[in-house]
1. In the range 8-28, what residues are within 36 Å of the chain's Cα centre (by Cα) and either at pLDDT 90 or above or within 16 Å of residue 101 (Cβ to Cβ) (or both)?
2. Quick one: which residue in 78, 56 is more than 33 Å from the chain's Cα centre (by Cα) and touching a residue at least 40 places away in the same chain (Cβ under 8 Å)?
3. What number of residues in the range 92-108 are exposed (fewer than 15 other Cβ atoms within 10 Å of the Cβ) and under 23 Å from the mean Cα position of the chain (by Cα)?
4. Looking only at helices (runs of 4 or more DSSP H) that fall completely inside the range 49-161, which ones have 3 or more residues that are under 30 Å from residue 18 (Cα atoms), at pLDDT 90 or above and in the same structural domain as residue 14 (by TED's automatic domain parsing)?
5. Please work out which residue is nearest to the chain's Cα centre (by Cα), limiting yourself to the range 193-237 and to residues that are at pLDDT 65 or above and part of a loop (DSSP other than H, G, I, E, B).
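The values are calculated or read from the model by the stated rules, or taken from the named source; none is laboratory data. These numbers come from a predicted model, not from an experiment. All Cβ positions, glycine included, derive from the backbone under ideal geometry; neighbour counts span all protein chains shown.
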């Protein structure tokens, strides 16, 4: 697999009928549509009357690089295009070649990187875990190696790959269904960050409210214990002293009511925030 991570070797360029070529299914899963870029490319091809740069194509005629040009060629009625065949005999190899070629041609958006890393991670993780040296590597070492391999494909450092991975892990933890809802959005990375931050803010708010409630409950328990002891003492006191004690306990009841009201208000504020 690591050998497939290298640039595809273009042996020779041949002219191939457009009708023989197939779109890469990974494109829709990773890349956002850029209408302005497509319009510019279409104008260039229309002015030239042909496509200059060769398509990078697998042996089964799936386009690893050149899917926008393929769509434009069909739209303009171009019959043949230049093709350079590569050795990519698996879906994983097609994915890797597609990502590496696109990253070398242009800077991917954060959302495209987010989707590409999500697609590439399990491929390289399985490769690293299945390597002969895996048995001698710690869990962290395997994760580091996976980050390096993915980073090489998307032109990022390992720490940058980890940032995207961490966001994905946090997203799944706070909302397991969120990724399915947002992954097709052109701003899916920004939306994922927003969801994670909102969840973290809510968690912090919940913790703050819980702290207030816990303190109130502690005060309430102490008050109840004190009242119980006072009642025990009252049994041994004279009538006047008992009357004074009842007045004190009445005042104490007001305090208890206040604590309970504070607790109810804290709960209400949490519910409104939700």
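1. Of all residues in the range 8-28, those within 36 Å of the chain's Cα centre (by Cα) come to 8-10, 21-28.
Across the range 8-28, the qualifying residues are 8, 9, 10, 21, 22, 23, 24, 25, 26, 27.
2. Details: 56 fails: more than 33 Å from the chain's Cα centre (by Cα).
Only one candidate passes the filter, namely 78.
3. Let us first name the residues in the range 92-108 that are exposed (fewer than 15 other Cβ atoms within 10 Å of the Cβ), namely 104-107.
From the residues that got through so far, the ones that are under 23 Å from the mean Cα position of the chain (by Cα) too are 106-107.
Adding up the residues that qualify gives 2.
4. Working: elements: 67-76, 91-105, 110-129, 139-154.
Ranges flagged: 67-76, 91-105.
5. Top of the filtered list is 235.
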